[in-house]
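Data block below; observations after.
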Amino acid sequence: MTRTEQYFPASTCACGGAVAIDWGNPYCHQVTDIAPPPPPDVTEHQFYHGICQSCGVKHTSTWPDWFASGQMGAGVIAWIVILSGQFRLSMRQIQVLLSEMCNVCFSTGAISHAQGKAIPWMRPLYRQVGQYVREQAVCHADETRHYRGTNTYWLWALADNTVSYFMTHYSRGKAAADALLGNFTGYLVTDHFSGYGNVPPERRQLCWAHLIRHFRKIAERGGEGGIIGKRLLLIAYTTVRTHHRWQQQPDEAERYRRRLLRLRRSFQATLQKGLALDDCKRTTNQCKHLLKDEPMCWTFLKDTRIPLTNNRAERVIRPYVQWRKTSFASQSAQGDQFRPMVLTVLGTARQLGMNMATLMRDVCSQGLAHKPVSVRFPLAQTSACKPLQMA
């Protein structure tokens with residue numbers, strides 16, 4: 001609390017008796033306000049020169065190694081990075097906010113330049129997250145459009161429950177997915193996109209939320225195809241409910257296994273019926289495709305930590321989708337580097353419960369001082385997978 005105001009009742013009662021104050025049990029009501037913005041902390045560095053009185057040689061003062069050559073200090077650059085990457089503001093909006101809230105005025109070009117300066121400073125943290133997430137037992141992956149001017153690129157995301165890693169790429173194909181995954185050898189949860197086709201089927205889990213949306217479209221058709229879709233939709237809903245019930249009551253593991261095995265057999269039989277349809281080619285082709293990838297629907301049976309949905313990846317990529325809609329597209333290779341890097345660093349800091357302003361100020365302070373950035377995330381290695389064998 002900044003200050004405390006105390007209020008007391010009248011010292012005497014209407015009956016004429018004295019009122020004794022109960023000092024131990026006051027009623028407290030707090031009001032929070034924001035003071036007017038203070039003047040910015042501006043330091044003027046004056047460099048003098050002198051002339052030797054004997055030989056006339058001119059001597060100049062030495063520029064310190066730690067000295068920032070630009071007009072922005074570590075705190076200003078840190079907040080520009082945060083306002084852009086976390087709060088998804090455009091250059092113009094950052095310019096207005098700094099002027100109104102901090103009495104600091106910079107051009108949009110200077111703000112863009114500050115973002116570019118932060119790229120090499122964030123790179124050690126970015127690489128740390130990329131290396132860490134590729135060593136995890138279970139990860140989620142997703143991708144969305146990223147624009148550079150009028151050209152379409154792609155932003156890829158790889159995340160576990162602790163960190164989120166982003167990458168921009170010109171392609172949405174398997175080469176881009178391989179670049180994202182690197183040496184990842186764990187279980188990967190994705191949608192049904194073929195770009196992840198280089199991941200072995202035994203290590204890939206298809207998202208049941210996407211499958212449900214797929215089955216719902218099939219169920220809306222008429223005839224035998226619609227009947228197949230309704231049956232697949234019922235099996236999917238039952239599978240999700242069974243999994244959630246087991247998460248709430250993990251002691252019933254044996255019953256859980258038996259139910260899932262029955263559901264899987266029913267799932268396979270329904271796809272076989274759909275494959276034999278004569279009057280609905282679309283449903284037949286979809287059942288054929290699903291039957292080929294059927295093992296990837298049930299990979300979660302191998303390890304208790306594999307989730308049924310790709311909700312994790314969709315949640316970490318959603319802020320960028322919002323950012324893309326409310327700001328201009330990236331205009332250069334610098335922007336293509338800055339966006340995935342700032343999303344990775346600030347997103348991971350938030351997931352770890354770290355103060356983003358403190359983290360970025362430390363990073364920018366070391367960068368402005370021309371020192372190697374030694375700031376790192378406190379990431380601990382997870383334990384090895386403990387598979388759940390199914391009979």
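The values are calculated or read from the model by the stated rules, or taken from the named source; none is laboratory data. Owing to the predicted nature of the structure, the values given are computational and were not obtained by experimental measurement. Note: ideal-geometry Cβ built from the backbone for every residue, glycine included; neighbour counts use all protein chains shown. The area values use the complete protein model at the heavy-atom level, side chains included, leaving out ligands, DNA and RNA. Shrake-Rupley method; radii C 1.70, N 1.55, O 1.52, S 1.80 Å.
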Amide H to amide H, which residues 5 or more places from SER330 or on other chains are under 5 Å from it, using H placed in the peptide plane? TYR147, GLY149
Set the Förster radius R0 to 35 Å, insert the Cβ-Cβ distance between ALA276 and GLU252 as r into 1/(1 + (r/R0)^6), and round the FRET efficiency to 0.05. 0.45
Give me the extension gain from HIS45 to THR60: residue separation times 0.36 nm, minus the current Cα-Cα distance, reported in nm with one decimal. 4.0 nm
Within region 20-34, the residues whose backbone N lies under 18 Å from a label point placed 7 Å from the Cα of SER11 along the Cα-to-Cβ direction are 20-23
Apply the Debye scattering formula to region 33-165, with a single equal point scatterer on each alpha-carbon and no solvent, then give log10 I(q)/I(0) at q = 0.11, 0.18 Å⁻¹. -0.65, -1.14
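Rg to Rh ratio, region 295-362, alpha-carbon atoms and Kirkwood radius? Provide the component values of the computation, followed by the final result.
Values: Rg = 16.4 Å, Rh = 14.8 Å.
Looking at region 295-362, the ratio lands at 1.11.
If you place +1 on the Cβ of every Lys and Arg and -1 on the Cβ of every Asp and Glu, how big does the dipole about the Cα centre of the chain come out, in debye to the nearest 20?
Values: 47 positive and 27 negative charges, 399 e Å.
Magnitude of the dipole: close to 1920 debye.
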Per 0.36 nm of contour for each residue apart, how much would the distance between ARG127 and GLN331 grow if the chain were fully extended, relative to their Cα-Cα spacing? 71.1 nm
VAL104's amide H: which non-local residues (gap 5+, or another chain) put their own amide H closer than 5 Å, with H modeled 1.01 Å from N in plane and none for Pro or chain starts? SER99
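Figure the gain on full extension for LYS217 and ALA269 (residue separation times 0.36 nm, minus the Cα-Cα span) and round it to one decimal in nm.
On the way: separation 52, 0.36 × 52 = 18.72 nm, distance 1.96 nm.
So the chain would gain 16.8 nm between LYS217 and ALA269.
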Which ³J(HN,Hα) values, rounded to whole Hz and listed in residue order, are derived for region 207-218 from phi using the Karplus coefficients 6.51, -1.76 and 1.60 in 6.51 cos²θ - 1.76 cosθ + 1.60 with θ = phi - 60°, glycine and proline given as x? 6, 6, 5, 5, 4, 4, 5, 5, 5, 5, 5, 5
Specify the inter-centroid distance of region 55-130 and region 165-188, based on alpha-carbon positions, in whole Å. 31 Å
Over region 204-313, what is the mean sequence separation of C-alpha contacts under 8 Å (at least six apart), divided by residue count, expressed as relative contact order in percent? 36 percent
Would you please classify the overall shape of the chain from the alpha carbon gyration tensor, given that a ≥ b ≥ c denote the square roots of the eigenvalues, rounded means a/c under 1.5, and beyond that prolate means a/b larger than b/c while oblate covers the rest? oblate
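What value does region 250-391 have for Rg/Rh, both radii from Cα atoms and Rh as Kirkwood defines it? Write down the numbers at each step before the final one.
Details: Rg = 23.6 Å, Rh = 20.4 Å.
A ratio of 1.15.
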If I take every Cα pair under 8 Å that is 6 or more residues apart in the chain, average their sequence separation and divide by the length, what percent do I get for the relative contact order? 23 percent
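By accessible area of protein heavy atoms, probe 1.4 Å, what ranking do ILE80, ILE21 get, highest first? Intermediate results must be reported in sequence, preceding the final value.
Numbers: ILE80 0, ILE21 60 Å².
Sorted descending by solvent-accessible area, the residues read ILE21, ILE80.
Starting from the eigenvalues of the Cα gyration tensor, five times each then square-rooted, give me the equivalent ellipsoid semi-axes of region 22-104, largest first, whole Å. Walk me through the numbers on the way to the answer.
Values: eigenvalues 413, 100, 26 Å².
Ellipsoid half-lengths, sorted descending, are 45, 22, 11 Å.
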Take region 138-223, compute every pairwise Cα distance, and split them into 5 Å bins from 0; I just need the percent in each bin. 3, 13, 22, 21, 16, 11, 8, 4, 2, 0
Can you work out the PRE-style zone for THR144? Point 7 Å along Cα to Cβ, and I want the residues of region 90-116 with backbone N under 12 Å. none
Give the calculated FRET efficiency between ASP22 and ALA357 to the nearest 0.05, with a Förster radius of 45 Å applied to their Cβ-Cβ distance. 0.60
Residue-by-residue Karplus 3J(HN,Hα) for region 87-96, coefficients 6.51, -1.76, 1.60, Hz, glycine and proline x: 9, 6, 8, 7, 4, 5, 5, 5, 4, 5
State log₁₀ I(q)/I(0) for region 132-286 at q = 0.16 Å⁻¹ as given by the Debye formula over alpha-carbon point scatterers of equal weight, solvent excluded. -1.04
Starting from the Cα coordinates of region 59-137, work out the convex hull volume and express it per residue in Å³. 131 Å³
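For region 82-185, which trypsin sites (Lys or Arg not before Pro) pass both filters: DSSP loop (anything but H, G, I, E, B) and at most 15 other C-beta atoms within 10 Å? Kindly include the intermediate steps, with their values, before the conclusion.
Working: sites: ARG88, ARG92, LYS117, ARG127, ARG134, ARG145, ARG148, ARG172, LYS174; in loops: ARG88, ARG134, ARG172.
Those that pass, being in a loop and sparsely packed, number zero.
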Amide H neighbours of ARG204 at under 5 Å, excluding residues fewer than 5 places away on the same chain, with H built from the backbone geometry, are LEU188
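Using +1 on the beta carbon of Lys and Arg, -1 on that of Asp and Glu, and nothing else charged, what's the dipole of region 274-332 about the Cα centre, debye to 20?
360 debye
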Using θ = phi - 60° and the Karplus relation 6.51 cos²θ - 1.76 cosθ + 1.60, list the HN-Hα couplings for region 358-374 in order, rounded to whole Hz, with x at every Gly or Pro. 5, 4, 5, 5, 5, 5, 5, 4, 5, x, 5, 7, 6, 9, x, 6, 9
If a/c stays under 1.5 just call it rounded; otherwise compare a/b with b/c (prolate if a/b is bigger, oblate if not). Do that for region 226-289, with a ≥ b ≥ c from the square roots of the Cα gyration tensor eigenvalues. prolate
Which angle from 0 to 90°, rounded to the nearest 10, does the C-alpha axis of helix 311-326 make with the longest principal axis of the chain? 50 degrees
